[in-house]
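Structure, as structure tokens:
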Amino acid sequence: MQQKSTSSLSAVQLAMLVLGALTVVFIWALFVFGDLRQVQSPFGAAVLNDLELILNILMTLVVSGTTLWLVRALKQQQSVLHALQQSEQKNQQLIERLEGEHARSSRAAAIDHLSGLYNRRQFLDIASDALNEQRRNRRLSALLFIDLDRFKSINDSLGHEVGDQLLQAVAGRIQRMLGPEDVAARFGGDEFVVLLADDRTETDMEQWVAGLSKHLSATYQLNGTELNSSPSIGIAICPRDGQTVENLLRCADAAMYSAKKAGRGQYRFFDQSLNLKDVEEFHLEQSFAEALRNREFVLHYQPQVCLDSMEVTGYEALVRWQHPEFGLLFPDRFIPMAENSGFVIPLGMEVLRLACTQIAQWQVDEVPVQAVAVNVSPIQLAQPEFCRQVLEMIGDHGLKPGQLELEITETAMLDTNAVDSLHCLKAAGVKLSLDDFGTGYSGFAHLEAVPVDKLKIDRSLIEKICNSHDDSPIVSSTIILAKRMDLKVVAEGVETREQLVHLKVAGCDIAQGYHLSRPMPPADVPGFLRAFSGAEAVV
């Protein structure tokens, strides 16, 4: 369209040039014919009159044609300009519509759809700016972390629809109490956060929180059903407890945990005496079920090396929790909690599934892995269906029973159901080893009751070895007695060459520890096998 407009303008310019040129020629011709009349005969004058008439007619036709051409070009230019104006209007409407869509999408990205409050990401941005403004004005701020009591039981017993209605009602009550500078958000689940950013004293803040707690504890009418709930509220004061939103959130979270332990419908200010580690463990326990659903648990594998051939004979699978907030967590952070909360049984099955899946993948990739050892909790081992579940899992992955080894602790030997499971697994061909031997209260007499294949000496005994003549007689005696019972001996926690030499001389079969290799993710195992060349061989 722009090219068409340009051509129209060129035509108009050309028409004007032609018209101007013809006008000049016409005027010049008049002067020429006037001069000729003065010098020509009467017969010549008649001819000149005829020529002048013809010239006038031609000039009239040319001027008329040029004028018509010019009028047409101007009309065409006008239509082009009109089309450009219409196109510009359409483009402006499109731009306004796109800006409106962008504003709506930005708002949708910033708002929690269930509650109508800000979501976590948007709250962090707004709260950070609000805290900076409060500090510039030298005013106190308070960050509240709110968690509803008994929400999980309400959600499970009355259904998610009622649970969602309760969250919406709570959000509405919070929003109605906010001041003009206060900010509220829903972080997910039944967790709400409020930033009090007005000009308040600490006493004013406490009164506001007390009123909020009373307001949220009042009876809810949800679809004709009366429902009672209450909040546990933690309070962190800026700048006393922290200068950033992240620090204030941690402190308010810890205070909320303290309030929840004190009973329902309580609020607590943050205090330095609060144990942040307990708060973290509380949140880990709360997120355990979701972690199992999201498959956040992974396995790392530590090689077990035969001391005679210095070849890798197997691996121990060690579970890790790839937590989205706390990073990679080691077993000592969550195994005791899992045992206390009952999650150790589904966690144990998840570990077995991961191990079987990895063994099957190594078979496909032709990675030479003989066996993988997996730790089993006594609670899990005592389950009546445990043996059947393990054998089904082995069969589902197309494995041989001997490719999986289960490590048990001495506690399992004292449970009748656990011992029955061990005999069932042993009869099916699954390898068994007794882990952490030397730290408990059982001895070799109990070994006759359980069908184990290996004895793993605990690292607390291995770490005392420094290759002197009187090193750890307990280790040497344990190895001798285990050999007489036809058991393989595995030494855990081998961290020095001296320990490796002593264990080989003492007759230990297999070693495992940081001196040989740290636990590694499964993707690193093929590379480790290629690099491992038996450099620790002892002559």
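A short reminder: the numbers here are calculations on the coordinates, not readings from a lab. Owing to the predicted nature of the structure, the values given are computational and were not obtained by experimental measurement. Note that we place each Cβ from the backbone using ideal geometry, even for glycine, and neighbour counts take in every protein chain shown.
Summary table
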read-out	value
Exceeding the 21 Å Cα-Cα cut-off - candidates Lys400/Lys426; Lys431/Lys464; Lys400/Lys504; Lys400/Lys483	Lys431/Lys464; Lys400/Lys504; Lys400/Lys483
Alpha-carbon centroids, segment 70-98 and segment 228-280: separation in whole Å	64
Cut-off 11 Å, label 7 Å out along Cα→Cβ of Phe330, residues of segment 515-533 by amide N	519
For segment 120-274, alpha-carbon Rg relative to the globular expectation (2.2 N^0.38 Å, N residues)	1.02
Amide proton proximity set for Ser141, modelled H, under 5 Å, gap of 5+	Cys238
Segment Glu226-Gln370, length gained on full extension (0.36 nm per residue, minus Cα span)	45.7 nm
Neighbour-count order for Val80, Val430, Val193, fewest beta carbons within 10 angstrom listed first	Val80, Val430, Val193
Whole-Hz ³J(HN,Hα) from phi, Karplus 6.51 cos²θ - 1.76 cosθ + 1.60, for segment 404-411, glycine and proline x	10, 10, 9, 9, 10, 9, 5, 4
Simple label model, 7 Å out from Cα along Cβ direction - Asn132 to Asn417, nm	5.9
Linear extension gain, Glu285 paired with Ser217, 0.36 nm per residue minus alpha-carbon span	21.9 nm
Rounded to the nearest 20 debye, dipole of segment 117-254 from Cβ charges on Lys, Arg, Asp, Glu	200
Cα Rg, Dmax, segment 292-531, angstrom units	17.5, 53
Contour minus Cα-Cα distance for Lys483 and Arg497 (0.36 nm per residue)	2.7 nm
Nearest-20 debye value, segment 234-368 charge dipole, Cβ charges on Lys, Arg, Asp, Glu	740
